[in-house]
Amino acid sequence: MCGIVGAVADREVGPILIAGLQALEYRGYDSAGLAVLQGQALLRRRTKGKVRELEQLLQSDPAPARIGIAHTRWATHGVPSTHNAHPHVSSEMVSVVHNGIIENHEVLRRELIAKGYAFTSETDTEVIAHLIDALQRDGLDLVQAVVSATQRLHGAYAIAVLSAREPDRVVGARRGSPLVVGIGLGEHFIGSDVQALLRVTNRFIYLDEGDIVEIRRDAYRIFDADGTPVAREERETDLSADAVERGEYRHYMLKEIHEQPEAVARTLEGRIAGSRILPNVFGVDAETLLAQVKNIHIVACGTSYHAGMVARYWIEALAGLPCAVEVASEYRYRQTVVPPGTLFVAISQSGETADTLAALRSGRASARYLAALAVCNVPESSLVRESDLVLMTRAGPEIGVASTKAFTTQLAALALLTLELARLNGIDDARYEELVGELAALPRMVAEALKLEPQIALLAERFVDKQHALFLGRGASYPIAIEAALKLKEISYIHAEAYPAGELKHGPLALVDEHMPVIAVAPNNQLLEKLKSNLEEVRARGGELFVIADTDVDVKLDPDRGALLRIDAGNNLIAPAVFNIPLQLLAYHVAVLKGTDVDQPRNLAKSVTVE
């Protein structure tokens, strides 16, 4: 959620730092600040609230300089406040900004207090500033001090460091949280995201895990975790500084479908270290609170509701906790039973969905819930402000009305929640680590799934003259079938329904004939043989059968009456998110062929803010 920007230039860096923070506002934050060096004088400006407030503070109390670092913070250790805002300073000599969580901060804090350091915040980050200052006092230069300090840090981090002892450089380091270097002409930059730096450069270096970088006005150096100089590839990007431009894509929806590998990676970044999910990624004292959870109520609307349906399968199977999923507009108008220790989970892309907000407020007013957790993409939204715990999806701006990357990042966020709950409820350590590793692979699996687009574009031609479609799935694939049906009807205006495949013979089979395409999701899991039997029912009645199947699934099909599309879906945890990709592409390409308004389908709005 946090954002980092750093700059060394032969011009005023304040506007660069502010613009960079503004470009990172989608990530979610509750305070902002910057530190600059005027000669050897370290100046700092911080504020609780938004970047615009920091900008106003600089107008009233300027800090002109040609070197500086800046940060937007989302509270994990210590409440949102000015004194907890970054940058943190030690001895008026060293200043640090930090994304991530330092797990051994308490041990380091005690050690530094024993050395005479006084702490002015509750954050884990302040230990980094004092540790680097102590190492510099022992005679190490700034790069050496950062190398030595990072070798003692446990957890995930990206940091940027200023030192008045070496006022011509910024040093950065990363492990488990991204950091990029921006290459300019007579100026260099660092940032937690290329989006922060696109207004000043299009040349970047993506630091590897454990890398440390020193940037100066006219040069940069990169080192590995041991302090050995290394070379990293410089790359040029074609990305625009304006995140809401379509660029090379015909529609926003297609652009956003293709942004999903990076969007999912942002959802996971800084939240996984090695084979573990880091504590408190859901907020201050989240681990203590989540350990008390005995039941889950998920409330959402539309696509977000479908994400919650997938999460129910995960939570009950892996964490062993009862989980109910409610449509927000229904939840508001019925009496609900709330067992002790129930966590209210509200999911919304915009954070302003009227029914979901009303459900949250109703639940909180009843005082029956242990706490409320928001899964959301908009940091300034009402849902985020009114929840006890928050997990930002970091999908970035989504312009297309039919949600794509917001849905997939919600699945990734809910998988994080599931695994944290599973850990707290005694899942086997080896199984837990295996699942975390599988989740970490999701961005790569999504990228591979996108390579199916040419095949799907051809397949879409067989749907253009259809009036109806039926989607089937079993287990956690059933909500994916529902979401696929929603996408097809939203943007192509083809009537589509979804059913659990086992329900086919209980009514929907009556609809199947040569004019009814049936689309089935077929992961290789314990329900596969059952699903195959259901598909045979379709074939026997002459229906057109289109199956999206795992790579090693064998399904009998008549090539004149359907098609088989194979995909490497990974494992049972991430398979729903991977199968979702070709189904999004199918809806998109059918809509394009039908000539509908893909990005702004009739009668629909991006955020439903009225009942």
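The values are calculated or read from the model by the stated rules, or taken from the named source; none is laboratory data. Predicted model only: the values in this text are computed from it and were never measured. We place every Cβ from the backbone using ideal geometry, glycine too, and count neighbours over all the protein chains shown.
For segment 449-463, the set of residues classified as under 23 Å from residue 570 (Cα atoms) and free of Cβ contacts under 8 Å to residues at least 60 places away in the same chain consists of 451, 454, listed by residue number. Considering (1) surrounded by fewer than 23 Cβ atoms within 10 Å (Cβ to Cβ); (2) touching a residue at least 60 places away in the same chain (Cβ under 8 Å); (3) of a type in the set (Gly, Ala, Ser), the lone condition that residue 311 does not fulfil carries the number (1). For the condition modelled with pLDDT of 90 or more and within 18 Å of the chain's Cα centre (by Cα), residue 263 qualifies.
Here's the yes/no breakdown for (1) in contact with an Asp or Glu (Cβ under 6 Å, 6 or more places away or on another chain); (2) buried (at least 22 other Cβ atoms within 10 Å of the Cβ); (3) farther than 30 Å from residue 518 by Cβ:
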site: 395; (1), (2), (3): no, yes, yes
site: 407; (1), (2), (3): no, yes, no
site: 446; (1), (2), (3): no, yes, no
site: 451; (1), (2), (3): no, no, no
site: 463; (1), (2), (3): no, yes, no
site: 471; (1), (2), (3): no, yes, no
site: 478; (1), (2), (3): no, yes, no
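Do we find a residue being farther than 21 Å from residue 283 by Cβ and of a type in the set (Ser, Thr, Tyr) anywhere in segment 37-49? Checked segment 37-49: no residue is farther than 21 Å from residue 283 by Cβ and of a type in the set (Ser, Thr, Tyr). Residue 125 meets all of the listed conditions (1) hydroxyl-bearing (Ser, Thr, Tyr); (2) in contact (Cβ under 8 Å) with a residue 60 or more places away in the chain; (3) closer than 25 Å to residue 283 by Cα but one, namely (2). Here residue 45 fits the description: over 26 Å from the mean Cα position of the chain (by Cα) and of a type in the set (Lys, Arg). Please determine whether any residue of segment 89-96 is out of contact with any strand residue (DSSP E or B) (no Cβ under 8 Å at 6 or more places or on another chain) and surrounded by fewer than 23 Cβ atoms within 10 Å (Cβ to Cβ). Yes: segment 89-96 contains one or more residues that are out of contact with any strand residue (DSSP E or B) (no Cβ under 8 Å at 6 or more places or on another chain) and surrounded by fewer than 23 Cβ atoms within 10 Å (Cβ to Cβ).
Please specify each residue of segment 424-441 satisfying the condition of being of a type in the set (Val, Ile, Thr) and either more than 14 Å from residue 317 (Cα to Cα) or in a helix (DSSP H, G or I) (or both). Matches in segment 424-441: 436 only. Just one of (1) in a helix (DSSP H, G or I); (2) out of contact with any Pro (no Cβ under 7 Å at 6 or more places or on another chain) fails for residue 465. It is (1).
Checking each residue in segment 490-532 for being in a loop (DSSP other than H, G, I, E, B) and crowded, with 17+ Cβ neighbours inside 10 Å picks out 494, 512, 516, 523, 525, 527. Of all residues in segment 533-569, those satisfying the criterion of being closer than 20 Å to residue 583 by Cβ, among the hydrophobic types (A, V, I, L, M, F, W, C), at pLDDT below 85 and not in a strand (DSSP E or B) are 535, 538, 553, 555, 557. Taking first residues from segment 513-534 that are assigned by TED's automatic domain parsing to the domain that holds residue 553 and partners that are among the acidic types (Asp, Glu) and part of a strand (DSSP E or B), the Cβ contacts under 8 Å between residues at least 6 apart in sequence or on separate chains come to 514/544; 516/544; 517/544; 518/544; 522/550; 523/550; 524/550.
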